[in-house]
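Notes for the one structure printed next.
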Amino acid sequence: EPRPEATPRDVLAELPGAARFHIAAHGLFDATDPARSGIVLGDGAGGYATLTLRELRRADLRGVSLATLATCRSAEHARLPGRERICLPTALLDAGARGVIASLWPVEDEPSVELMSALYEELRTQPPARALAAMQVRMADRPARQWAGLVFYGNE
């Protein structure tokens, strides 16, 4: 159910019981401390607070089959020694989610509504990676910046 004023605490409380979740918000990537990267939400007092990668990695997401992050740069990452990637999708997978759809670059608000509607239509009959690919084929007549940055992480 939509929660436009959700705080990081609210989201963290709801995630363990979710089978799927969709977050449409602003994303933040901190290249100097990637664990502080995250999703910008309300703080409950009229300001903003970040639900960090560090907090998401500690959540129990074993029941989540798909997390969709309709946030700017939600797939932006840093590489650690050994080529390990640190980013929101890997944090969610580490926490137990089986799949994550995230964006490599900024998400435009207006086109995002149509893209996500088309994606969820495809998800009714297909697993996430195939649904995302089918949605992208459907949207191929639009500017690529609107749909090409969405990527799937995980296993089907």
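Just so you know, in segment 97-114 the residues that are open to solvent by less than 80 Å² (accessible area, probe 1.4 Å) and more than 14 Å from the chain's Cα centre (by Cα) include one that is modelled with the lowest pLDDT, and it is GLU108. The residue list LEU150, LEU92 contains one member that is open to solvent by less than 10 Å² (accessible area, probe 1.4 Å) and of a type in the set (A, V, I, L, M), which is LEU92. If I filter segment 54-73 for residues that are under 11 Å from the mean Cα position of the chain (by Cα), open to solvent by 20 Å² or more (accessible area, probe 1.4 Å) and on the phi > 0 side of the Ramachandran plot, do I get at least one hit? Yes, the conditions are met somewhere in segment 54-73.
Looking only at residues of segment 85-105 that are free of Cβ contacts under 8 Å to residues at least 40 places away in the same chain and assigned to a loop (DSSP other than H, G, I, E, B), we find that the one that is nearest to GLY63 (Cα to Cα) is GLY96.
If you go through segment 121-142 one residue at a time, how many are open to solvent by 40 Å² or more (accessible area, probe 1.4 Å), under 19 Å from VAL107 (Cα atoms) and in a loop (DSSP other than H, G, I, E, B)?
3
Per this entry, THR32 is counted among residues that are open to solvent by 30 Å² or more (accessible area, probe 1.4 Å), in a loop (DSSP other than H, G, I, E, B) and hydroxyl-bearing (Ser, Thr, Tyr).
Filtering segment 12-29 to residues that are within 15 Å of ALA91 (Cα to Cα) and part of a helix (DSSP H, G or I) leaves LEU12, LEU15, PRO16.
The values are calculated or read from the model by the stated rules, or taken from the named source; none is laboratory data. Remember, it's a predicted structure, so these values are computed and weren't measured experimentally. Neighbour counts are summed over all protein chains in view; Cβ atoms, including those assigned to glycine, are modelled from backbone coordinates with ideal geometry. What goes into the accessible areas is simple: the full protein's heavy atoms, side chains included, and nothing from ligands, DNA or RNA. Shrake-Rupley method; radii C 1.70, N 1.55, O 1.52, S 1.80 Å.
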